[in-house]
1. Determine by what factor the alpha-carbon radius of gyration of the range 10-182 differs from 2.2 N^0.38 Å, reporting the quotient.
2. Checking the cross-link filter: which aspartates and glutamates have an alpha carbon closer than 19 Å to that of Lys10, excluding same-chain neighbours under 8 positions apart?
3. For Lys86, go through the aspartates and glutamates and keep the ones whose alpha-carbon is under 18 Å away, minus same-chain ones fewer than eight residues off.
4. Taking 31 Å as the cut-off for C-alpha to C-alpha distance, list the pairs among Lys35/Lys106; Lys7/Lys35; Lys7/Lys162 that go past it.
5. Using 7 Å Cα-to-Cβ label points, what is the Ala46/Val163 separation (nm, one decimal)?
6. Tell me, what HN-Hα J-couplings in whole Hz come from the Karplus equation 6.51 cos²θ - 1.76 cosθ + 1.60 at θ = phi - 60° for each residue of the range 133-148, using x for Gly and Pro?
7. Excluding Met41 itself, calculate the net charge of residues whose Cβ lies under 13 Å from the Cβ of Met41, where each Lys or Arg counts +1 and each Asp or Glu counts -1.
8. If I model a spin label at Gln31 and Ala140 as a point 7 Å from the Cα along the Cα→Cβ vector, what separation in nanometres do I get?
Amino acid sequence: MARRKIKLTKGELKRQRDSLSRYERYLPTLQLKQKLLQAEMRRLEAELAARRRELESELETARGWAAVLAGGEVDLSPWTAPEEIKTETENVAGVNVPVFREVVFKEADYDLFLTPLWTEKALRAIRSLVRLRVEESVLARRRGLIGRELRTTMQRVNLFEKVMIPAGRENIRVIRIYLGDQDANAVGRSKIAKKKIEQAAAAA
């Protein structure tokens, strides 16, 4: 990347110092945000793994009912499809993410006398499976949002740590050397001019 040419002036020195001060103040905030997002990602990975283990267990239970339900004796589909998925929004390190609350199912209104005894048990097992699938989906969406924000934050931390702060310090160093040289030259010229005036006065 081509280095931007800087002005070697006192005004530019002040501007560079102000910018560096802002970068150094802002960097710890970004680093803290990065740590919070990384902690949330670890928590989400563990929670998703737990949900997937539960899903496997529920799938085993649901498979047990599959053969029975395949007979067509009872159609549970009207009462196992979610009517509403309730979520809330939570702010994690500046990111709005969904939080799963519950799945609302249509009230089962089958006749207890005309349906087999296992109907309610099968309904509970299938609803539990559906609920876990929905919860897993919300967690995955949350992880996606946190992951995206984490990548952006890490890029910003790297930009500040490896580019903007070192460049600001180098610019300040270059300007100070230049201005120091200019001051030294000015002092030297002033001494020469003074000496010439003194010599002229002595010769008169």
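Quick note: the coordinates plus some simple rules give every number you see, no bench work behind them. Everything numeric here is computed off the predicted structure, so don't read it as measured data. For neighbour counting, all protein chains shown are included, and Cβ atoms are generated from backbone atoms with ideal geometry for every residue, glycine included.
1. Scaled against compact globular proteins, the figure is 1.79.
2. Result set, ordered by chain and number: Asp18, Glu170, Asp181, Asp183.
3. Within reach: Glu102, Glu107, Glu135, Glu136.
4. Lys35/Lys106; Lys7/Lys35
5. In this crude spin-label approximation the distance works out to 3.5 nm.
6. 5, 5, 4, 4, 5, 5, 5, 5, 5, 4, 4, x, 5, 5, x, 5
7. After counting each charged neighbour, the total is +4.
8. Roughly 3.7 nm, to one decimal.
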